[in-house]
Amino acid sequence: QYVTKIQAKVRGKIIASRSLSALKKDVTGYLYGGDITRKMKLREKQKKGKKKALELGKGRVNIPQEVFMKMVKSD
């Protein structure tokens with residue numbers, strides 16, 4: 001729903017960074033013709049949902065060193 005940035009930080013320095021792109025969904029793709037206010041309503045509803053997801057999705061997560069090393073070695 002939104003771009004998420006993943007960073008690895010050691011002793012205050014960022015040593016690795018990646019961005020995960022958002023999943024996209026066309027909420028008005030199945031609507032053909034008709035009243036334009038329906039499309040506007042769906043887009044507004046989607047905007048509110050994205051805002052809520054962004055508020056809930058913020059935070060810091062600590063992962064064990066072994067997991068991080070496996071992620072680095074897989075590249």
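The values are calculated or read from the model by the stated rules, or taken from the named source; none is laboratory data. Here the structure is a predicted model, which is why all the values come from computation and not from measurement. Neighbour counts run over all protein chains shown; Cβ positions are idealised from the backbone, glycine included.
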Q: Take the residues in segment 1-20 that are touching a helix residue (DSSP H, G or I) at 6+ places or on another chain (Cβ under 9 Å) and of a type in the set (S, T, Y), then tell me which one is farthest from K70 (Cα to Cα).
A: Y2
Q. Within segment 1-42, how many residues turn out to be under 29 Å from V72 (Cβ atoms), under 21 Å from the mean Cα position of the chain (by Cα) and not β-branched (V, I, T)?
A. 15
Q. Where residues in segment 44-75 are under 20 Å from K25 (Cα atoms) and modelled with pLDDT of 85 or more, which of them is surrounded by the most Cβ atoms within 10 Å (Cβ to Cβ)?
A. Q46
